[in-house]
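Presented below is the structure to which this report refers.
The values are calculated or read from the model by the stated rules, or taken from the named source; none is laboratory data. Here the structure is a predicted model, which is why all the values come from computation and not from measurement. Ideal geometry is used to build each Cβ from the backbone, glycine not excepted, and the neighbour counts take in all protein chains shown. The accessibility values were calculated without ligands, DNA or RNA, using every heavy atom of the protein model including side chains. Shrake-Rupley method; radii C 1.70, N 1.55, O 1.52, S 1.80 Å.
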Amino acid sequence: MQLPEFKITPHFILKLLKYTIPLFAPILAIVLLWHLFPLRENQLNRKPSTVIFDSDGRILRAYTAPDDAWRFHTPLNEISPLMLKMVLSYEDQWFHWHPGINPVSIIRAVWLNYRAGEIVSGGSTITMQIARMIEPKERSLLSKIKESFRAIQLEFSYSKAELLEIYLNLAPYGGNIEGVGAAAYLYFGKMPGSLSVGEIALLAALPNSPTQLRPDMHTAAARKARLKVLKRLYKMGVISKTQFEDAASEPVPKSRQPIPFDAPHLADYLHQRYAGDSQLHSTIDYKIQKTSESLLQTHIFELKSRGITNGAIVVIENSTRELRALAGSADFFNATHSGQVNGATAPRSPGSALKPFVYALALDQGMISPKSMLEDVPVDYSGYLPENYDDKYHGVVSAEDALRLSLNVPAINLTAMLKEKSLYSLLKSADFSTLNKPREFYGLPIILGACEVTLLELTNLYSSLANGGRFRQVRLVNGMPAQPDKALFSEPTAFIITEILSEVTRPDMPVCWEFSLNLPKVSWKTGTSYGHKDAWSIGYNPEFTIGVWIGNFSGEGAPGLVGAEAAAPLLFELFNALGTGKTSQWFEMPDGIDVRQVCATSGMPATALCPVTCEEMYIPGVSPQQPCTVHQKFIIDDATGYRLCPHCRQNRRWHEEVFELWSPKLATWMLRNGYPIKQIPAHFPKCTSLMGGKGPVIRSPSENCDYVLRDGIHPKYQKILLDAAVTNDIEKIYWFVDGNLICVCSPGEKAFYTPAPGKHNLVCMDEWGRSTKIVLNIR
C-alpha cells in the first residue's frame, strides 16, 4: 500500500498552532513570569541576631539584627520533632505532598469566608505563608494569586526540609520577634529543642496573629489560641489526652524573658571581631568568668579610696590556649569611670612586665646563665641614663637576682646587647598588635614599658613560658581553626625563667601574702608604668596563665598603682579561688638542662682559685663556658708588697696571692661607693718592662659628641667632667689635652677641665702607660 505524500502546508501549520498553543501557553506564561518577577531570595536569608555562647552552650549575650529584630537562626535538627509535627498538623497537613498551593484548602477557605461574610480563613500553605513573609501585602484575591505564584517558585527552588526551616526562622511571633529560636528564648528562656507541649502549642498559634496573640500583652487571647491548637491536635491524635490536659494547664508567659548580659566586654569584642557570624561559641568558662568578675569588683571597691577605680582580668588555659575569662572593667555600667572601656584589650604601658622575655632571649643566645653577674652601675647610652626603681645600684648582681629584683639597669644593658633577635622582634613574632612603629622608635626603654601592650596579648605571651617557650594565638571561639605553634624560646630556657619567677623572696611579693599559708605556687611578674598609671601582675602555673591590670581609664596616676601592691594580691587570690594555687603538680625539668658548679662571686664556671662555689642550672652547649676571670693569682714581693711580673721577679723572694680583678667600670664604681674591694698592689716601680692590656675606659666626656660653650656664662661654670674607669690594680690615672698634662688623680676621684673652643685630643693614661684617646670638639 502506497502512503500518501505528506506535505507541510500553511494550512497544516495553522491547524497545529490552533491545538498546541492552548497546551503550552500556561507553561510559557509561567516561564515568562518567572524571569520577569524573579524570587527575592535575599528576603529568605535575613540577617540574624548575633548570639554569644559560653563553652557549655549557655547564652552570654545577644545582639538584635541590623533591623532591630530578634532573630536567632535555628537549624531544623535543633528544633523539637514534636514541634515540627504539631506545626505541620496545625498549619499544613499536606505540606509534603502539594506543589506549593493546595486547591482543597483554597476551596474550603472560600466556602468558610462566604458563610462567615468575612475573611476568616486564607487557605494558605506554609509555602504561601513564606511568600507573604518575603513580600507582605494586604489580603486580596490578587495578593493570593501572587502568593500562589511565589509559592510555586519556592517549591521549585528549595526542598521541603529547607522550606520548613525557612518558615520556622521567618515566622512572626509578636513585636520584633521573628523565628522560633528567638520566640522560644524570649518567651520561655529555652532553646527550641527543649519546649514543652503547651509551649509548642502557643508558638504554633502565634504566627496566625502575632500582634493580637502576644502573650506578654494579650495573655487571655494567647491562652485561648493555645487551647484551640491543643484541641485540634488532640482530635487529630498528635498528642495524648494526658499531654492535652497538662499542656492546657501550663501558665502562659506574661512577660518576655530577659536576654542574659554576661561577660559584656568579651561579647562586644567578639561581636566586633567576628562581625557577620550569627552564633559565636566562645571558650569562656562561665564559673571562672563570674569568679573573676566578682573578685575584681571587690578588689576595686577596696582600692577606690586610694584613687584607683578600675581593672581587668584575663584567664587563659595553658593546655588549649583557650580564653577562659575576660573581665574588662570592674563595672560595665559605671559611666563615671568609663566602665564600658575594655581594659583587657586597651593599649597600656607594661612597665617592667616585659623583663622576663629579655632574660629569656639572653639565655637562649648564650649571653648569660642564671648565676652570671651583670653590671648594675650608672650607665650612659648617648644621653639616656637609666635608673633603677629605687634610685639605687648594686654594683654587680646575678642574672636571676636582677630579674627577681626587677632591676632596670641590667635589663637595659641586656637589651642593648641583643641585636637581631631583640625584644622588639620577639613581640612582633608574638603578634602584638600595638607595636606599629619601627624598632628605632621604641629604643632601649622598650624594656621598661616605653611601648603599649594589651593585657590579653601580654598574658598570652606569658602562657608561652608555661608551654615550654611555644607560642600560639589565644583561642577565643570554638570551631575556629587552631593556629600552628611557633617556638619563641627553647624549652630549657622557659623552664629556667619559670623557676626564677616562682621565687617568693622578692620585693614585689605583696605584703598581705608574705606570711600567708595559702600562698599559691605560681611563677609571676609585676609591672608598674611610669607615673604610677598602670599596675600589672601576670602569673602562671601548669594549668592557667592569669593577667591582672589595675589602673584608671582616664590615665590618671595614683601612688598606690604599684604592681606588687595593687595587682599581685588579686592575682594570688584568683589562683586560689580557681583551686589551682596549691596543686602539687609543677613543671617538670625538660631535657637539655644540667647542673654545674660556678663561682659564687662571678657566676662563671668555677676554677681552683674560687673560694666559694654554688650550683646553677645551665644549658649545655648554649650557656657561657668561660671559666672565672675575677679570681686571679698575682705574684707579690715579700719585701715590698709590690706586684711582680715575670720580668722583675727574678732574684727576688715572692709569694702568690689570689685577688678579685673586676672590670674598670665596676672597680671604679665600687671604690667610689665604699664597697669593700681589696686593692691589687701596684706594679714594682723599678720594673722597666711595659705591661700589655687595655687602657682606661673614658666615661666622660662622651666621644663623637659636640660641646657648645654658651655666651654670657663664665667658663668656670662650663667645665667638663673627666671620668674614667680602670681595674682595681690601678692607683693613679693621668689626663692629657693636646699633649699637656692637666690632671693626676686616683681612680675614684673626679676631675674637671675648663674647655677652650676648637678640636682637642684628650688622652687618659694609667700608671702602666696604657692609654685611651678620644677627640673632643668644643664650639
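Of the residues making up segment 377-415, those that are on the phi > 0 side of the Ramachandran plot and small (Gly, Ala, Ser) are SER382, GLY383, GLY395, SER406.
If you take the residues in segment 678-688 that are open to solvent by 70 Å² or more (accessible area, probe 1.4 Å) and closer than 16 Å to ASP729 by Cβ, which one is modelled with the lowest pLDDT?
PRO685
Just one of the numbered conditions (1) part of a strand (DSSP E or B); (2) open to solvent by 20 Å² or more (accessible area, probe 1.4 Å); (3) farther than 24 Å from PRO646 by Cβ is not true of MET765: (3).
Within segment 432-447, residues that are within 20 Å of LEU385 (Cβ to Cβ) and crowded, with 18+ Cβ neighbours inside 10 Å reach partners that are at pLDDT 95 or above and of a type in the set (D, E, K, R) with beta carbons closer than 8 Å, at six or more positions or on different chains, in the pairs ILE447/LYS355. For SER382, the conditions (1) closer than 16 Å to PHE357 by Cβ; (2) over 25 Å from the mean Cα position of the chain (by Cα) are fulfilled apart from (1).
Taking (1) in contact with an Asp or Glu (Cβ under 6 Å, 6 or more places away or on another chain); (2) open to solvent by 10 Å² or more (accessible area, probe 1.4 Å); (3) under 19 Å from GLY527 (Cβ atoms); (4) not aliphatic (A, V, I, L, M) in turn, PRO410 satisfies each apart from (2).
Residues that are modelled with pLDDT of 85 or more and open to solvent by less than 60 Å² (accessible area, probe 1.4 Å) were ranked within segment 642-677; the one that is farthest from the chain's Cα centre (by Cα) is GLU657. Condition (residue is modelled with pLDDT of 70 or more and more than 43 Å from the chain's Cα centre (by Cα)) applied to segment 112-124: is it met by at least one residue? Yes: segment 112-124 contains one or more residues that are modelled with pLDDT of 70 or more and more than 43 Å from the chain's Cα centre (by Cα). Restricting LYS633, LYS533 to residues that are among the basic types (Lys, Arg) and within 30 Å of THR309 (Cα to Cα) narrows the list to LYS533.
Filtered by the rule that a residue be surrounded by fewer than 20 Cβ atoms within 10 Å (Cβ to Cβ), of a type in the set (A, V, I, L, M, F, W, C) and farther than 19 Å from SER49 by Cβ, segment 167-213 gives no residues.
Looking for whichever is open to solvent by 30 Å² or more (accessible area, probe 1.4 Å) and either assigned to a strand (DSSP E or B) or modelled with pLDDT of 90 or more (or both) here; the options are GLY557, GLY579. Which one fits? So the residue among GLY557, GLY579 that is open to solvent by 30 Å² or more (accessible area, probe 1.4 Å) and either assigned to a strand (DSSP E or B) or modelled with pLDDT of 90 or more (or both) is GLY557.
Out of SER294, SER305, SER319, one residue alone is open to solvent by 50 Å² or more (accessible area, probe 1.4 Å), touching an Asp or Glu at 6+ places or on another chain (Cβ under 8 Å) and more than 30 Å from MET83 (Cβ to Cβ). It is SER319. Which residue out of ILE742, ILE713 is of a type in the set (A, V, I, L, M), in a loop (DSSP other than H, G, I, E, B) and without any contact (Cβ under 8 Å) to a residue 60 or more places away in the chain? Just one listed residue meets the conditions, ILE713.
Name the residues in segment 44-99 that are more than 28 Å from the chain's Cα centre (by Cα) and among the acidic types (Asp, Glu), would you? Listed by number, the residues that qualify are ASP67, ASP68, GLU78, GLU91, ASP92.
One line per residue, one yes/no per condition, for (1) polar (S, T, N, Q); (2) touching a Cys at 6+ places or on another chain (Cβ under 6 Å); (3) surrounded by 20 or more Cβ atoms within 10 Å (Cβ to Cβ); (4) farther than 17 Å from LYS773 by Cα:
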residue	(1), (2), (3), (4)
HIS714	no, no, no, yes
TYR717	no, no, no, yes
LEU722	no, no, yes, no
ILE730	no, no, yes, yes
TYR734	no, no, no, no
ILE742	no, no, no, no
LYS750	no, no, no, yes
LYS759	no, no, no, no
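So which of PHE489, PHE495, PHE471 is closer than 24 Å to TYR274 by Cα, open to solvent by less than 70 Å² (accessible area, probe 1.4 Å) and not hydroxyl-bearing (Ser, Thr, Tyr)? Even if it seems obvious, please write down each step before you answer.
On the way: PHE489 fails: closer than 24 Å to TYR274 by Cα; PHE495 fails: closer than 24 Å to TYR274 by Cα.
PHE471 is the lone residue from the list that is closer than 24 Å to TYR274 by Cα, open to solvent by less than 70 Å² (accessible area, probe 1.4 Å) and not hydroxyl-bearing (Ser, Thr, Tyr).
Within segment 609-626, being in contact with a strand residue (DSSP E or B) (Cβ under 9 Å, 6 or more places away or on another chain) and open to solvent by 70 Å² or more (accessible area, probe 1.4 Å) holds for PRO611, VAL612, GLU615, GLN625, GLN626. Going by the conditions given, is GLU457 touching a Lys or Arg at 6+ places or on another chain (Cβ under 7 Å), open to solvent by 10 Å² or more (accessible area, probe 1.4 Å) and either of a type outside the set (Phe, Trp, Tyr) or at negative phi (or both)? For GLU457, the condition - touching a Lys or Arg at 6+ places or on another chain (Cβ under 7 Å), open to solvent by 10 Å² or more (accessible area, probe 1.4 Å) and either of a type outside the set (Phe, Trp, Tyr) or at negative phi (or both) - is not met.
For beta carbons closer than 7 Å, sequence separation of 6+ or different chains, a first residue in segment 233-246 that is within 15 Å of SER196 (Cα to Cα) and open to solvent by less than 80 Å² (accessible area, probe 1.4 Å) and a second that is polar (S, T, N, Q) and in a helix (DSSP H, G or I), the qualifying pairs are LEU233/SER89; VAL238/SER89.
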